[in-house]
1. Would you point out the residue of the range 9-22, among those that are modelled with pLDDT of 90 or more and surrounded by 18 or more Cβ atoms within 10 Å (Cβ to Cβ), that is farthest from Val49 (Cα to Cα)?
2. Can you find, within the range 63-115, the residue that is modelled with the lowest pLDDT among those that are part of a loop (DSSP other than H, G, I, E, B), farther than 25 Å from Arg50 by Cβ and open to solvent by 50 Å² or more (accessible area, probe 1.4 Å)?
3. Among the numbered criteria (1) crowded, with 16+ Cβ neighbours inside 10 Å; (2) touching a residue at least 24 places away in the same chain (Cβ under 8 Å), which one does Arg50 miss?
4. Kindly evaluate Thr58 against the criterion of being open to solvent by less than 70 Å² (accessible area, probe 1.4 Å), of a type in the set (Val, Ile, Thr) and either in contact with a helix residue (DSSP H, G or I) (Cβ under 9 Å, 6 or more places away or on another chain) or under 24 Å from Val5 (Cβ atoms) (or both).
5. Using beta carbons and a limit of 7 Å, which pairs, at least six apart or on different chains, have the first residue in the range 18-31 and closer than 13 Å to Asn61 by Cβ and the second one at pLDDT below 90?
Amino acid sequence: KANEVFQLMQKQGVRPDEVTFSTLINAASQAKQPDKANEVFQLMQQQGVRPDKVTFNTLINAFSQAKQPDKANEVFQLMQQQGVRPDKVTFNTLINAFSQAQQPDKAMEVFQLMQ
C-alpha cells in the first residue's frame, strides 16, 4: 500500500522527502523485507534526498529484525561516513542485532563505542 501511495505521489509530481522515504523504509521493515527497505534507501540517495538519523535507524532496524547484523553494521558505518551522529536508538538496535545473532563480542564493541 505504501508503495502505491509513493507511485501516485511521483505521478502527481510530488517530490518525496526524508520523511516519505523513512516511512517507506519502515513499511518494508514491518513487512520483513529488508532488501526492499534497502532499495528504497538507495532510491532516496539517487534522488538526492539526504537520509537523517531516523532514516538510518529505521534501515538498521530492518536488517536487525531480519537477523542480518553485518548489513545493519554496514548501514551504521555509512551513517557515520555521511556525518549523521548515531544516538541511543542506533546503538541499542545494533547491539540487539549482534546479540540475537549470537555475536556478543561485536555487541560489546558497539557498546564500547557508546562510551
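1. If we take residues in the range 9-22 being modelled with pLDDT of 90 or more and surrounded by 18 or more Cβ atoms within 10 Å (Cβ to Cβ), then Ser22 is farthest from Val49 (Cα to Cα).
2. Going through the qualifying residues, I end up with Gln115.
3. (1)
4. Answer is yes for this residue.
5. Ala27/Ala2
The values are calculated or read from the model by the stated rules, or taken from the named source; none is laboratory data. Predicted model, so just to flag it, every value in this text is computed and none were measured. Glycine gets a Cβ as well: all are built from the backbone with ideal geometry, and neighbour counts include every protein chain shown. Remember, those area values only see protein heavy atoms, side chains included, never the ligands or the DNA or RNA. Shrake-Rupley method; radii C 1.70, N 1.55, O 1.52, S 1.80 Å.
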